[in-house]
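One structure below.
The values are calculated or read from the model by the stated rules, or taken from the named source; none is laboratory data. Computed from a predicted model, the values in this text were never measured in an experiment. Glycine gets a Cβ as well: all are built from the backbone with ideal geometry, and neighbour counts include every protein chain shown. Areas reflect the complete protein model, heavy atoms only, side chains present, ligands, DNA and RNA absent. Shrake-Rupley method; radii C 1.70, N 1.55, O 1.52, S 1.80 Å.
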Amino acid sequence: VELQNGCICCNLREDLLIEVHKMASQGKFDYMVIESSGICEPRPIAETFSMDVKDSPPRAMPSNRTESRLKVLNATARLDTMVSVVDCQRFWENMNSLENVANRYKEYKPSEEEGKKRVVDLLVEQVEFANVIVLNKIDVVKDKQQLETVRKIVRRLNPEAKIYQTSFGKIDPDKILDTKLFDMEKVAASAGWLKELKGDTKHKDDDDEEEEEEEEE
């Protein structure tokens, strides 16, 4: 199912609720994968699934329909995993970019609000708000030290996420499906800078990095 003329993190959030409920009600699917565009902000999407009917209405969703829509979603689906894919080949280009989303990704036709965000800020947000991070295109990064630096930066941005290295996006489905990793409170507090402020971050040496998080597909 393709949702057009908007973004599921803002003006298409209600459409997303409707389609998820419609597909879940058919009883044909055990699991549903929602793929957003590369310019989507992950937090609003997660809030759509996590918000209780007693909470304030989600942004861009009419308040008079909020309670019924959220009741429907709460009864039919749960958010299992938030996955972010990092393009290792263009990582430094994006991290050093001063461009905003509107200039870099015109083909996605971002909204005015989306377009104002800087590319680097969007990348950081997508990394920080993930349970699983896939470092993709490792085959085209010839400098292994550079690849290791990318991994370390991603780890500092998100100390809690599972990290996997892939080529062509090939990954064991069990690593990203039905992981039961998503927890709104935990992921909202998982950002590296937030943990630094709280003094909760323990920086891992190379030898301390968990092997399961460094799987090359």
Just the number please: accessible area per residue for segment 70-186, 1.4 Å probe, all protein chains included, in Å². 55
Taking r as the C-beta separation of E35 and Q145 and R0 as 41 Å, the FRET efficiency to the nearest 0.05 is 0.80
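Could you look at segment 81-164 and say what percent of its accessible area is carbon and sulfur, using a 1.4 Å probe and all protein chains?
Numbers: 2040 of 4250 Å².
Taking all protein chains in place, segment 81-164 shows 48 percent carbon and sulfur surface.
Full-extension gain between D172 and R90, please, as 0.36 nm times their residue separation minus the C-alpha to C-alpha distance.
Details: separation 82, 0.36 × 82 = 29.52 nm, distance 2.36 nm.
Gain on extension, D172 to R90, equals 27.2 nm.
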